[in-house]
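**Q** A single structure is presented below for examination.
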Amino acid sequence: MRIAIVTDAWLPQTNGVVTTLSRTRECIERGGHDVLLVTPEAFRTFPCPTYPEIRLAWRPGAEIARRLDRFAPQCIHVATEGTLGLAARAYCRRRGLEFTTSYHTRFPRYVRMRAPVPESWSYAYLRWFHGAAMRTMTGTPSQREELLAHGFRNVTLWSRGVDTALFRPRKKTFGGFIHPVAMYVGRVAVEKNIDAFVTLEFAGSKVVVGDGPALAALRRRHPDIHFTGYKFGEELAICLAAADVFVFPSRTDTFGLVMLEAMACGVPVAAYPVTGPVDVIDNGVTGMLDEDLSRAAHVALELDPAACRAQALRHTWEAATSQFLDNLWPIGAGASSPVSQKFQQSTTKT
């Protein structure tokens, strides 16, 4: 099967969307399918307003059409709602081709935190964008229910996986921090609610792993906190395994892949009882959910690391990719013919 995936989020960005798409492509190709990944790398780009780390493709319509025509995909998935996503959507609409989309980011809340734009306006745009898709995939049941409540339709689940060979329990020696260690890993930015972590009442070391626009100000205001900058691959896994509790302060993530990575390292999670954590964490077993994040962190310290690891082992990228493939829709198939298992098997070698 020939599958085209179009995304505005790609390297050198480091986030859950990029990780998800990278691992999904790897699993699809190992299954014998052909994948065309259309990313900003091949286009002239400009910085996204208020989020310059994201580079958006400038006027990509003609080039996307050439690439898709040349590849002749059997399925098209539009992963993001930026300029590449818009161009791919327009391509499909002009030709009367069915396609699927995915909802990775609580975009209306992100925008509202950075600009005086009502969430209702952002949701109106997103309903228009995803409304043309045969299916819109999202990571958790609670996020699905939220989208349905905002008027979305045909919302299906596409879960996530974790590399449990890379992310695994290790000796807690990284950094020489005084234990217990509370750790945050991710983008250091306003939408991640990072202030809730750095002001946490915690009798031990607090470590921030990551970078972003809020980093410089946080360094100045909180000299007692350890800031490591970005870590990748093996070094990230070693660093994450050194934590005693992983604190996830975000209220805007749709999943929070890093929570699975922490649990795979045997590290329990403290988070708010909101979309993402409520679906990923087994409350009181692999983490603690509480509106008092300090209380959640201290309770999580007492949880069994083996239970965290066991839950993470159930989340494989192979299972998540199988779910993705089941959600795809063949172009030109009409409104009643999703990609069935039979279709997948019969087209594996095409």
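**Q** Just read off the accessible area of Tyr272 with the full protein assembly in place, 1.4 Å probe, to the nearest 10 Å².
**A** Per-residue accessible area (Tyr272): approximately 20 Å².
**Q** Leaving ligands and nucleic acids out of the surface, order Ser122, Ser142 by accessible area at 1.4 Å, largest first.
**A** Values: Ser122 10, Ser142 30 Å².
Greatest to least solvent exposure: Ser142, Ser122.
**Q** Before rounding to the nearest 500, sum -39500 (n - 2.57) across all DSSP H runs of length at least 4 in the chain and divide by the residue total; then give [θ] at 222 nm in deg cm²/dmol. Before the final figure, lay out the partial values.
**A** Working: 15 runs with 135 residues, N = 350.
Roughly -11000 deg cm²/dmol at 222 nm, from the helical runs in the chain.
**Q** Moving on. Under a Cβ-only charge scheme (Lys and Arg +1, Asp and Glu -1), can you give me the dipole magnitude of the chain about the Cα centre, in debye to the nearest 20? It would help to have the intermediate numbers written out before the result.
**A** Numbers: 40 positive and 33 negative charges, 237 e Å.
Roughly 1140 debye for the chain.
**Q** Also, I was wondering about something else. Size of the dipole of segment 129-252 about the Cα centre, Lys and Arg at +1 and Asp and Glu at -1 on the beta carbon, nothing else charged, in debye to 20? Could you put the intermediate results ahead of the total?
**A** On the way: 16 positive and 11 negative charges, 28 e Å.
So the magnitude is around 140 debye.
**Q** Label points 7 Å out from Cα along the Cβ direction at Arg127 and Glu53: separation in nm?
**A** 3.2 nm
**Q** Does segment 109-179 come out rounded, prolate or oblate by the C-alpha gyration tensor, with a ≥ b ≥ c the root eigenvalues, rounded set by a/c under 1.5 and, if not, prolate when a/b is larger than b/c and oblate if not? Show your work: numbers first, answer last.
**A** Values: a/c = 3.90, a/b = 1.83, b/c = 2.13.
Oblate is the answer for segment 109-179, as a/c is 1.5 or above yet b/c matches or exceeds a/b.
**Q** May I pose another question? Could you work out the relative contact order of the chain, using alpha carbon pairs under 8 angstrom and six or more residues apart, expressed as a whole percent?
**A** Dividing the mean separation by the residue count of the chain yields 18 percent.
**Q** Provide Val78, Val285 ordered by accessible surface of protein heavy atoms (probe 1.4 Å), highest first.
**A** The ranking, largest first, comes out as Val285, Val78.
**Q** Further question: Using the crude model of +1 on Lys and Arg Cβ and -1 on Asp and Glu Cβ, and no other charge, please compute the dipole size for segment 1-92 relative to its Cα centre, in debye to 20.
**A** Values: 11 positive and 9 negative charges, 35 e Å.
Roughly 160 debye for segment 1-92.
**Q** Now a separate question. Using a cut-off of 12 Å between alpha-carbon atoms, which aspartates and glutamates can reach Lys172, once sequence neighbours fewer than 8 places away in the same chain are excluded?
**A** In chain and number order, the partners are Asp244.
**Q** Which of (i) 22.9; (ii) 17.1; (iii) 20.5 is the computed mean projected area of the Cα convex hull in nm² for the structure on display?
**A** Of the listed options (i) 22.9; (ii) 17.1; (iii) 20.5, (ii) comes from this structure.
**Q** Okay, next question. Just to check, using Stokes-Einstein with a Kirkwood Rh over alpha carbon pairs, what's the diffusion coefficient of segment 98-233 at 37 °C and 0.692 mPa s in µm²/s?
**A** 184 µm²/s
**Q** Still on this model: Hey, what's the chain come to in accessible area per residue, 1.4 Å probe, Å²? If you can, show how the numbers build up before the last one.
**A** Values: 14670 Å² over 350 residues.
That works out to 42 Å² for each residue.
**Q** Which one, Gly85, Phe255, Gly96, is farthest towards the positive end of the dipole of the chain when Lys and Arg carry +1 and Asp and Glu -1 on their Cβ?
**A** The listed residue farthest towards the positive side: Gly96.
**Q** For segment 71-160, compute Rg over Rh where Rg is the Cα radius of gyration and Rh is the Kirkwood radius from the inverse mean 1/r over Cα pairs.
**A** Numbers: Rg = 13.3 Å, Rh = 13.6 Å.
Result for segment 71-160 is an Rg/Rh of 0.97.
**Q** List the residues, sorted by chain then number, that are 5 or more residues from Met137 or on another chain and whose placed amide H is less than 5 Å from its amide H.
**A** HN-HN under 5 Å from Met137: Thr101, Ser102, Tyr103, Thr156.
**Q** In the chain, carbon and sulfur make up what percent of the accessible area (probe 1.4 Å)? Before the final figure, lay out the partial values.
**A** Details: 8030 of 14670 Å².
Carbon plus sulfur share of accessible area: 55 percent.
**Q** Between His222 and Val285, with labels modelled 7 Å along Cα→Cβ, what's the label distance in nm to one decimal, could you check?
**A** A separation of 3.1 nm, rounded to one decimal place.
**Q** Go through Lys206, Lys172 and list them by solvent-accessible area, largest first, probe radius 1.4 Å.
**A** Details: Lys206 20, Lys172 80 Å².
The ordering from most to least exposed comes out as Lys172, Lys206.
**Q** What is the sum of charges around Trp329, taking Lys and Arg as +1, Asp and Glu as -1, for the other residues whose C-beta is under 10 Å from the C-beta of Trp329? Before the final figure, lay out each step's value.
**A** Values: positive: Arg135; negative: Glu98.
Summing Lys and Arg as +1 and Asp and Glu as -1 gives 0.
**Q** May I pose another question? State, to one decimal in nm, how far the label point of Ala72 lies from the label point of Ala90, with both points 7 Å from Cα in the Cβ direction.
**A** For Ala72 paired with Ala90, the spin-label model returns 2.6 nm.
**Q** Now for a different question. Classify segment 23-74 as rounded, prolate or oblate from the Cα gyration tensor: take a ≥ b ≥ c as the square roots of its eigenvalues, call it rounded if a/c is under 1.5, otherwise prolate when a/b beats b/c and oblate if not. Write down the numbers at each step before the final one.
**A** Details: a/c = 4.25, a/b = 1.55, b/c = 2.75.
It is oblate, given that a/c is not under 1.5 and a/b is not larger than b/c.
**Q** Over what distance in Å are the Cα centres of segment 119-134 and segment 162-219 separated?
**A** Centre-to-centre (Cα) distance: 34 Å.
**Q** Also: Heavy atoms of the protein only, probe of 1.4 Å, neighbouring chains included. What is the accessible area of Asp292 in Å², nearest 10?
**A** 60 Å²
**Q** Sticking with this one: First measure r as the distance between the Cβ atoms of Leu148 and Leu313, then evaluate 1/(1 + (r/R0)^6) with R0 = 25 Å and state the FRET efficiency to the nearest 0.05. Before the final figure, lay out each step's value.
**A** On the way: r = 31 Å, r/R0 = 1.22.
So the FRET efficiency works out to roughly 0.25.
**Q** Can you check what the net charge comes to around Gly161, using other residues whose Cβ is under 10 Å from the Cβ of Gly161 (Lys, Arg +1; Asp, Glu -1)? Mind dumping the intermediate values first?
**A** Details: positive: Arg23, Arg160, Arg314; negative: Asp163, Glu318.
Result for the neighbourhood of Gly161: +1.
**Q** How would segment 174-241 be classified by its alpha-carbon gyration tensor: rounded, prolate or oblate, with rounded meaning a/c under 1.5 and the a/b versus b/c comparison settling the rest? Intermediate values should be presented prior to the final figure.
**A** Details: a/c = 1.77, a/b = 1.14, b/c = 1.56.
In terms of gyration-tensor shape, oblate.
**Q** A further question follows. Viscosity 1.567 mPa s, temperature 4 °C: give me the Stokes-Einstein translational D for segment 141-218 in µm²/s, with Rh taken as the Kirkwood radius over C-alpha pairs.
**A** Numbers: Rh = 16.0 Å.
My calculation gives 81 µm²/s for D.
The values are calculated or read from the model by the stated rules, or taken from the named source; none is laboratory data. In this text the structure is predicted, and so the values were computed from the model without any measurement. Here the Cβ is made from the backbone with ideal geometry for all residues, glycine too, and neighbour counts use every protein chain on show. These area figures cover heavy atoms from the full protein model, side chains too; ligands, DNA and RNA do not enter into them. Shrake-Rupley method; radii C 1.70, N 1.55, O 1.52, S 1.80 Å.
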